[in-house]
Amino acid sequence: MTDSGQIFEDIRQHMEAGGIAPTPANYEFWYRYVTGSDPELRIAVDAVMQTVGRVSTRAMHNIRRELYGASMPSDLSALIDQTQTQLKRMAHFVEETGGDAKDYSRTLRESSDSINAAADIDTQRALLAELVSATGAMIDKTERLEAQLAISGQEINILKQDLETARTESRTDPLTGLSNRKAFTSYLEAQAGRALADRKPLCLAFCDIDHFKNFNDTWGHRMGDEVLRLVGQSLEQLSHGVGYPARFGGEEFVIVLPGKTLQAAHDICEQIRDYISSRSVRAKNSNKEVGRITLSLGISQLRWNDTVDTLVERADMALYRAKETGRNRVVREDELESAAAPKPAAHAA
């Protein structure tokens with residue numbers, strides 16, 4: 001067998017063992033594993049293999065989500081294609097049985113006419129036997145249709161759930177579980193429009209983990225990921241009922257605070273800053289304390305002529321001031337010396 005032939009044979013065996021559908025996205029996943037073109041993927045798959053002996057569809061999706069983030073367009077396309085295939089199959093079943101029903105109706109009419117015209121009892125019995133046979137065949141076809149529609153209906157429901165999961169994943173940060181930047185932007189646009197229409201306040205907090213680069217450089221990316229998860233979980237817990245937290249990117253987070261003035265938003269952010277600064281992280285292997293986590297936060301309040309970008313920009317400027325003046329603090333936009341202060345290309349760690 002050629003090298004390429006062996007590769008696809010290995011792919012086939014892995015997918016059959018896990019009961020995985022032969023979609024382009026799934027072939028791509030296993031091609032990366034079999035060829036070793038993605039070392040991190042190979043490590044993740046091998047870990048599952050060592051534990052349970054095979055990789056199921058669910059395990060494959062979990063690995064993909066952990067390594068690559070939200071569902072890829074190819075995944076969504078595959079789900080949509082599968083849904084359309086099921087719908088076409090159901091339509092075919094119904095159309096086919098509809099034709100059978102017309103034939104059966106014609107048979108009933110013809111049999112009725114023939115029985116009435118039959119001259120002797122034997123002929124009538126034969127015609128009745130044919131009618132009973134046709135009726136039985138129609139019942140069988142109807143029952144098969146019901147069974148096929150039931151199976152297809154179940155498959156459609158599963159695909160609907162998968163599509164909903166994919167939609168949710170496309171708006172969720174896989175590392176922290178918070179909403180991602182795409183979901184944040186949509187939410188902020190909707191809430192800003194509502195706040196302006198109702199003439200109610202809305203604030204935005206821009207948060208950045210202080211000295212995050214040091215965690216990565218000193219303890220590695222796995223420890224950096226633990227810090228991001230801890231901050232994400234803390235923001236989710238502390239913002240519950242008052243704000244909408246999301247991961248903006250890297251070590252940056254945002255919190256939309258509908259109905260909050262600058263002062264109210266400042267008080268909430270101070271509680272968040274104080275809580276997180278009381279937390280420390282320990283290395284799992286050595287149990288050694290890695291250090292204390294602190295946040296710098298900047299807050300802006302929605303104005304009548306704001307866009308999402310201008311609101312974010314002013315919060316970002318306030319965040320930069322918090323970084324510039326010592327970190328581990330909250331700065332409101334009205335504390336800035338000048339609204340025209342230059343915005344840096346990147347924050348200090």
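Quick notes on this one:
- LEU196 being in contact with a helix residue (DSSP H, G or I) (Cβ under 9 Å, 6 or more places away or on another chain) and not basic (Lys, Arg): no
- Condition check for VAL227: in the same structural domain as ARG273 (by TED's automatic domain parsing), surrounded by fewer than 23 Cβ atoms within 10 Å (Cβ to Cβ), within 17 Å of ARG279 (Cα to Cα) and among the aliphatic types (A, V, I, L, M): yes
- A single member of LEU235, LEU202, LEU228, LEU297 is of a type in the set (A, V, I, L, M), modelled with pLDDT of 95 or more and under 23 Å from the mean Cα position of the chain (by Cα), and it is LEU235.
- Being within 18 Å of ASP210 (Cβ to Cβ), at pLDDT 95 or above and among the basic types (Lys, Arg) is a condition met by at least one residue of region 329-349.
- Which numbered condition VAL290 misses (of (1) closer than 27 Å to THR218 by Cα; (2) β-branched (Val, Ile, Thr); (3) in a helix (DSSP H, G or I)): (3)
- Summed over region 196-211, residues that are surrounded by fewer than 21 Cβ atoms within 10 Å (Cβ to Cβ) and on the phi < 0 side of the Ramachandran plot total 5.
- Under the condition of being farther than 18 Å from PRO201 by Cβ and either free of Cβ contacts under 8 Å to residues at least 40 places away in the same chain or among the small types (Gly, Ala, Ser) (or both), the residues counted in region 306-325 number 8.
- Selection count where residues are more than 19 Å from GLY5 (Cβ to Cβ) and surrounded by 15 or more Cβ atoms within 10 Å (Cβ to Cβ), scope region 27-50: 8
- Complete set of residues in region 230-273 that are of a type in the set (Asp, Glu), touching a strand residue (DSSP E or B) at 6+ places or on another chain (Cβ under 7 Å) and surrounded by fewer than 19 Cβ atoms within 10 Å (Cβ to Cβ): GLU236, GLU252, GLU270
- Test: residue in region 274-285 that is surrounded by 14 or more Cβ atoms within 10 Å (Cβ to Cβ), assigned by TED's automatic domain parsing to the domain that holds THR185 and of a type in the set (S, T, N, Q): yes
- Verdict on GLU289 being in contact (Cβ under 8 Å) with a residue 24 or more places away in the chain and acidic (Asp, Glu): no
- Scan region 287-305 for residues that are among the hydroxyl-bearing types (Ser, Thr, Tyr) and either in contact with a His (Cβ under 9 Å, 6 or more places away or on another chain) or over 20 Å from CYS207 (Cβ atoms) (or both) and the total you get is 2.
- Sub-6 Å Cβ pairs linking a first residue in region 239-263 that is within 18 Å of GLU189 (Cα to Cα) and assigned by TED's automatic domain parsing to the domain that holds PHE212 to a second residue that is of a type in the set (A, V, I, L, M) and modelled with pLDDT under 95, at least 6 apart or interchain, are PRO245/LEU178; ALA246/LEU178; ARG247/LEU178; VAL256/LEU188, ordered by first then second residue.
The values are calculated or read from the model by the stated rules, or taken from the named source; none is laboratory data. Quantities reported herein were computed from a predicted structural model and do not represent experimental measurements. With ideal geometry, Cβ positions are generated from the backbone for all residues, glycine too; neighbour counts draw on all protein chains shown.
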